[in-house]
Every structure is written in C-alpha cells, then in structure tokens.
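Below: one structure, written as structure tokens.
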Amino acid sequence: MIAFPNAKINLGLNIINKRSDGYHNIETVFYPIPLHDVLEVVYAPVGTSDYTWHNSGLAIDAPAHENIVIKALNLVKKSHQLSPIAIQLHKVIPFGAGLGGGSADAAAMIQLLDQFFELGMTLEEQKRLAAQLGADCSFFIENKPSFATGIGDQLTPVSLSLTGYYLVLVKPNIHVSTPEAYSGVTPRTPTVGISEIIKRPVAEWREQLTNDFETSVFKKHPKIAAIKQQLYNYGAIYASMSGSGSSVFGLFEEPIEIDLDNCFVWQGRL
C-alpha cells in the first residue's frame with residue numbers, strides 16, 4: 001500500500017507570546033501543496049521480527065529508529081497489534097525547509113497502518129496520535145487549509161483556495177534551526193490577524209501578510225532575503241518564507257522559468 005505525503009506552506013506567521021513551558025503561541029495558516037514524498041508499506045519477508053526499512057531519494061542523515069516514520073509505527077503499536085512490515089520511504093520534500101515533510105510522512109504512516117491493517121481508527125484517534133509526534137503533524141491527517149494557533153497544534157479549517165496559481169518553491173543550501181529563528185524574534189500581538197488578512201485578495205497580501213521569522217532569519221542569512229526579492233522580480237504576486245525557513249515560495253499567475261544556483265527549485269500548479 002502506497003501513500004504520497006505532501007508538503008505544506010505557511011501563509012503568514014505571527015509569534016504572539018512566549019508560554020510558561022518555553023514554547024511560543026503563534027498564528028499561521030497551513031496550506032497543502034502538491035510536492036510529495038512516497039511512502040510504501042507491505043508485509044515483511046518471513047522471519048522478520050519487527051520491520052525492515054529502506055529509504056531513497058534525499059539522503060537521511062539518521063538511523064531508521066530515529067526517523068519520525070518509525071516513531072509513528074511504534075506509537076500505533078502501543079495500542080494495536082501489528083504484523084511485521086517492510087517500509088520504503090522515498091524523500092523528495094527537502095529537510096529543514098519549513099515545509100513539514102517529516103510531519104507529513106508520520107501522518108501518512110498512521111493512515112497507512114490504519115488502512116493496511118484495517119484498524120478502524122477514527123479521525124480523532126489519528127489526529128491524537130499525530131499530535132504526539134509534532135505540533136503540525138495532525139494537520140496532515142485531514143490535509144485541508146487550516147488556521148493554526150497555540151504552538152501550531154490548534155487547527156480551524158478555513159475557506160481558502162489558491163487553485164489556479166502557480167507556486168514556485170526555492171530551498172537554498174542553508175539550514176535554519178528553530179532556536180536560531182526564534183532568537184531574534186520579539187513576540188507581538190498583530191493589529192490585524194492572519195485569519196482576516198487571508199480573506200483579502202492575494203494581490204493585497206504583499207504588504208499585510210508577514211512572517212515574523214523573516215526579520216531574524218534574513219539578518220543572518222541575506223541569501224534567503226535575496227531569493228524572496230528575486231521571486232518578486234520574476235513577477236510573484238506574493239512571496240514569503242515558509243515557517244522558520246529556509247525555503248521561500250512565490251505565487252504566480254503563470255509558470256515561469258527560474259534559474260538559481262545551489263538551490264532546490266520546484267514549481268507546480270495549485
């Protein structure tokens with residue numbers, strides 16, 4: 001059985017305040033995009049005691065037992081009896097890009113196991129398990145545009161469609177850690193919330209829909225700031241960094257030809 005976990009972008013991101021547990025309350029909109037990994041589950045060969053693991057595509061610099069897909073498997077096994085399986089993950093979604101690729105893979109694993117073994121999980125059970133693996137992980141269970149608050153784990157569906165726009169996604173060879181991104185941010189309550197701004201025409205987003213991480217990240221990594229400006233130079237209606245970076249995306253009315261050195265570049269119609 002095969003699934004195709006997809007990435008997401010953040011439309012705006014406001015860091016509201018710091019919590020007593022050390023995390024931050026935020027608001028953002030998660031929007032699914034058609035950039036996919038491939039995850040396959042089949043029965044393991046006879047004699048396998050637990051699972052077998054194989055990955056291809058982008059190199060994964062960690063042992064299998066540390067991968068979030070295996071963490072999802074072990075989490076499901078706490079409440080369900082599962083036979084040994086063979087797992088194949090083909091990585092396409094870049095790491096450390098603010099695109100939620102790992103969370104998407106974990107959510108897909110939960111859903112694959114539910115279908116493959118006919119576990120009969122409810123949607124709420126799937127989301128509850130996913131939430132234990134990452135703040136944005138439960139988003140990928142329903143995989144619909146959502147207004148996210150809290151630490152990104154409180155989700156409310158939004159009526160937003162970017163169908164027909166072309167998305168250009170650029171990921172430079174730069175890693176931005178979450179602590180690094182937060183280090184230069186001053187939490188604030190915005191005058192107008194993201195849930196209101198996204199109701200306005202996309203052409204008005206450029207001056208209104210902002211990502212608070214850009215201030216600190218652009219200072220330390222001017223190349224990321226330059227990519228955003230290049231997307232506007234190419235004619236983007238709206239461009240932004242996704243999440244805490246380092247990927248930057250632009251929304252276009254027509255496909256474009258773009259050439260950026262030492263960058264992962266993906267383009268697709270939404």
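Taking the Cβ of residue 104 as the centre, find all other residues whose Cβ is under 13 Å away and add up their charges (Lys, Arg: +1; Asp, Glu: -1). Before the final figure, lay out each step's value.
On the way: positive: 8, 91; negative: 37, 105, 136, 142.
Its environment carries a net charge of -2.
Quick one: dipole size for the chain, taken about the Cα centre, charges +1 on Lys/Arg Cβ and -1 on Asp/Glu Cβ, in debye to the nearest 20.
On the way: 20 positive and 26 negative charges, 98 e Å.
Around 480 debye, computed over the chain.
Rounded to the nearest 10 Å², what accessible area does residue 1 have for a 1.4 Å probe in the complete protein model?
80
Round to the nearest 0.05 the FRET efficiency obtained for residue 160 and residue 46 when R0 = 35 Å and r is the Cβ-Cβ distance. Present the calculation step by step, with values, prior to reporting the outcome.
Numbers: r = 49 Å, r/R0 = 1.39.
E between residue 160 and residue 46, to the nearest 0.05, is 0.10.
Express in % the proportion of alpha carbon pairs of the stretch 36-179 at distances exceeding 19 Å. Don't skip to the end; give the middle numbers.
Details: 5797 of 10296 pairs.
Roughly 56 percent, rounded to a whole number.
Leaving ligands, DNA and RNA out of it, work out the accessible area of residue 53 with a 1.4 Å probe and give it in Å² to the nearest 10.
Solvent-accessible area, nearest 10 Å²: 60 Å².
Where Lys and Arg each count +1 and Asp and Glu each count -1, what net charge lies around residue 186 among other residues with Cβ under 14 Å from its Cβ?
Numbers: positive: 18, 188, 219; negative: 212, 214.
Around residue 186, the surrounding residues sum to +1.
Where both partners of a DSSP beta bridge lie in the chain, what percent of those bridges are antiparallel, to the nearest 5?
85
So what is the accessible area of the chain per residue, in Å², with the probe set to 1.4 Å?
That works out to 47 Å² per residue.
Can you tell me the order of 230-239, 158-167 when each peptide is scored by its average per-residue count of other Cβ atoms within 10 angstrom, highest first?
Most protected by this proxy first, the peptides run 230-239, 158-167.
Based on the mean of other beta carbon atoms within 10 Å per residue, what is the order of 176-182, 41-47, most packed first?
On the way: 176-182: 16.0, 41-47: 12.0.
Descending packing order for the listed peptides: 176-182, 41-47.
Given a cut-off of 32 Å, name the pairs among 77/199; 127/171; 127/228; 8/220; 71/171; 91/127 whose C-alpha atoms lie farther apart than that in the structure shown.
Working: 77/199 42 Å; 127/171 29 Å; 127/228 34 Å; 8/220 24 Å; 71/171 26 Å; 91/127 23 Å.
From 77/199; 127/171; 127/228; 8/220; 71/171; 91/127, over 32 Å: 77/199; 127/228.
How high is the FRET efficiency between residue 259 and residue 59 when r is their beta carbon distance and R₀ equals 25 Å, given to the nearest 0.05?
Numbers: r = 24 Å, r/R0 = 0.97.
Efficiency at R0 = 25 Å is approximately 0.55.
Expressed as a rounded percentage, what relative contact order does the stretch 43-152 have, with Cα pairs under 8 Å and six or more residues apart? Don't skip to the answer; put the middle values down first.
Values: 125 pairs, mean separation 29.2, N = 110.
Reported relative contact order: 27 percent.
Sorted by mean Cβ packing within 10 Å, highest first, what order do the peptides 253-259, 214-220 take?
Numbers: 253-259: 10.1, 214-220: 17.1.
Ranked by mean Cβ neighbours within 10 Å, highest first: 214-220, 253-259.
Can you tell me the orientation of helix 101-116 relative to the chain, as the angle in degrees between its alpha-carbon axis and the longest Cα principal axis, to the nearest 10?
30
Given a cut-off of under 8 Å on Cα pairs at least six residues apart, what relative contact order in percent is computed for the chain?
On the way: 553 pairs, mean separation 64.0, N = 270.
It rounds to 24 percent for the chain.
Let me make sure I get this right: for the stretch 131-270, a, b and c are the square roots of the gyration tensor eigenvalues over alpha carbons, sorted descending. Under 1.5 in a/c it's rounded, otherwise prolate if a/b > b/c, else oblate. Which is it? Intermediate results must be reported in sequence, preceding the final value.
Working: a/c = 1.43, a/b = 1.14, b/c = 1.26.
Cα axes put the stretch 131-270 in the rounded bin.
Using a 1.4 Å probe, how large is the accessible area of residue 269, given in Å² and rounded to the nearest 10?
150
What's the local net charge at residue 157, with K and R +1, D and E -1, over the other residues with C-beta under 10 Å away?
Numbers: positive: 144; negative: 142.
After counting each charged neighbour, the total is 0.
Would you please classify the overall shape of the stretch 36-97 from the alpha carbon gyration tensor, given that a ≥ b ≥ c denote the square roots of the eigenvalues, rounded means a/c under 1.5, and beyond that prolate means a/b larger than b/c while oblate covers the rest?
Values: a/c = 2.17, a/b = 1.64, b/c = 1.33.
It comes out prolate by the Cα gyration axes.
Filter the trypsin sites (Lys or Arg not before Pro) in the stretch 122-189 down to the DSSP loop ones having no more than 14 other Cβ atoms within 10 Å, then list what survives. Mind dumping the intermediate values first?
Working: sites: 127, 128, 188; in loops: 188.
Those that pass, being in a loop and sparsely packed, are 188.
If you average the sequence gap of Cα pairs under 8 Å that are 6 or more apart and divide by the length of the stretch 19-88, what percent do you get for the contact order?
Working: 46 pairs, mean separation 35.2, N = 70.
Result for the stretch 19-88 is 50 percent.
Can you put 56, 242 in order of accessible area, largest first, using a 1.4 Å probe?
Listed by decreasing accessible area, they come as 56, 242.
Please report, as a whole percent, how much of the solvent-accessible surface of the stretch 167-217 comes from carbon and sulfur atoms (probe radius 1.4 Å). Provide the component values of the computation, followed by the final result.
Numbers: 1270 of 2590 Å².
Reported share for carbon and sulfur atoms: 49 percent.
In the chain, with Lys and Arg counted as +1 and Asp and Glu as -1 at Cβ, which of these residues, 232, 88, 263, has the Cα nearest the positive end of the dipole, that is, farthest along it?
Positive-end residue among those listed: 232.
Between residue 144 and residue 177, with labels modelled 7 Å along Cα→Cβ, what's the label distance in nm to one decimal, could you check?
Result: 3.8 nm between the two label points.
In nm, to one decimal, how far is the residue 220 label point from the residue 81 one, both placed 7 Å along Cα→Cβ?
4.9
Protein chains only, probe 1.4 Å: how do 117, 213 rank by accessible area, largest first? Provide the component values of the computation, followed by the final result.
Numbers: 117 40, 213 10 Å².
Solvent-accessible surface, decreasing: 117, 213.
The values are calculated or read from the model by the stated rules, or taken from the named source; none is laboratory data. Please read these numbers as outputs of a predicted model, since none were measured by experiment. FYI the Cβ positions are ideal-geometry reconstructions off the backbone, even for glycines, and counts take in every protein chain you see. When the accessible area is computed, the model is the full protein with side chains, heavy atoms only, and any ligands, DNA or RNA have been set aside. Shrake-Rupley method; radii C 1.70, N 1.55, O 1.52, S 1.80 Å.
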